[in-house]
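The values are calculated or read from the model by the stated rules, or taken from the named source; none is laboratory data. Model, not experiment: these values are computed from the prediction. Virtual Cβ from ideal backbone geometry, glycine too; neighbours counted across all protein chains shown.
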Amino acid sequence: MKIILTNIFLVIISISYTQDIHFSQFYNSSLLINPATAGAFNGDLRANLNYRNQWNSIDSPFKTTAFTLESQMLKYKWPNNYLGVGLSFFDDKAGDLNFGSSQTALTVSSILSLSPEMTMTVGIQPVFVQYSVDYTNAMTSSQYNGSFFDPNLPSGETNLNSGFSFFDVGAGVSFNYAKGESNIAAHDMFIVNVGFAFHHLNRSELTFSTIDNWYPKLVAHGSSNIGLRYSKLSMMPSYLVMIQGPQKEITVGSLFRLFFKEGSRFTGNISESALLFGAHYRFGDAIVASTGMQLGELFVQLSYDINTSGLTRSTNYRGGFEITLRYTNPEIFSIGSASSLDPKFM
């Protein structure tokens with residue numbers, strides 16, 4: 001049985017403060033990355049579910065779940081812009097003490113036309129955050145009687161804080177350029193999206209055993225769709241850079257999309273289908289292999305982190321399993337309407 005010393009536990013909490021919830025499939029958890037992505041999709045309604053199980057080779061793996069729901073407002077009322085809205089729920093648990101956080105966020109964005117091919121989106125995201133820990137399974141050095149661990153002995157810890165909550169704020173901007181067509185006949189769609197976000201603008205106070213402030217987080221991200229003309233294949237490179245206090249994360253890579261059924265361009269009666277595969281590299285940490293399938297409005301993607309960091313001795317290269325499930329409702333609300341702003345997104 002493991003003896004978890006109090007000072008080690010406090011170090012774990014301190015480390016956890018510096019790292020936000022994140023997914024390897026960052027391009028499938030856009031509201032967590034940048035508030036400006038709310039409503040920036042092709043369709044009227046989008047629901048997304050993400051689940052991640054990290055370091056399953058240890059006794060108590062990290063488990064992260066996210067659910068987001070997005071829609072658009074006033075798209076066929078205003079001539080040159082419309083609003084995006086998103087509601088998000090995130091939950092993260094780790095270790096024997098179930099130390100973790102949950103977040104509920106409301107995101108509002110404005111999607112603006114800069115030219116027929118270029119759009120700019122700005123967004124803001126107020127978040128309600130809760131941190132919690134369960135001391136039921138805590139073990140301290142005070143419960144070691146000199147020969148063995150005795151759970152009946154008092155832990156020696158008093159006035160422990162089991163949780164706290166606060167409000168947080170993030171904001172971001174993104175730019176989207178799209179040109180060409182996505183169909184089997186031409187398939188030369190070219191899309192580039194880049195964005196920047198700033199999270200924890202108000203530097204909320206964190207108070208378990210000591211008082212600290214959440215490090216601000218800077219995010220830069222980008223993705224592209226490069227259709228290979230007169231073929232059924234497109235390349236989808238993407239990158240993510242996150243800097244938060246002393247922590248830095250850089251991920252680069254690409255998916256490939258094999259397009260095997262063309263969606264009808266005007267009636268919407270036939271939906272598009274495609275196979276995705278590829279890999280990303282998170283510098284100093286893991287290789288992320290991915291595969292996915294789009295079947296009309298439904299999308300599923302699986303990925304697995306192959307650990308390459310200094311933890312390989314303990315993990316034996318096993319990192320984290322991740323799955324994304326998504327449903328996107330087509331633009332049924334646009335029937336009989338017209339809009340001068342109809343951007344194409346990834």
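A few remarks follow.
- Out of LEU5, LEU31, sole residue that is at pLDDT below 90 and among the aliphatic types (A, V, I, L, M): LEU5
- Remark: ILE13 matches the filter, which requires a residue to be part of a helix (DSSP H, G or I), farther than 23 Å from GLN301 by Cβ and at pLDDT below 95.
- Hits in region 75-93 (condition: at pLDDT below 85 and under 29 Å from SER115 (Cα atoms)): LYS75, TYR76, LYS77, TRP78, PRO79, ASN80
- Applying the criterion of being touching a Gly at 6+ places or on another chain (Cβ under 6 Å) and closer than 30 Å to PRO330 by Cα to the residues of region 272-290, the residue that is surrounded by the fewest Cβ atoms within 10 Å (Cβ to Cβ) is ALA279.
- Within region 254-296, considering residues that are hydrophobic (A, V, I, L, M, F, W, C) and outside any strand (DSSP E or B), the one modelled with the highest pLDDT: PHE283
- The set of residues from region 215-240 being aliphatic (A, V, I, L, M) and free of Cβ contacts under 8 Å to residues at least 24 places away in the same chain comprises just one member, MET235.
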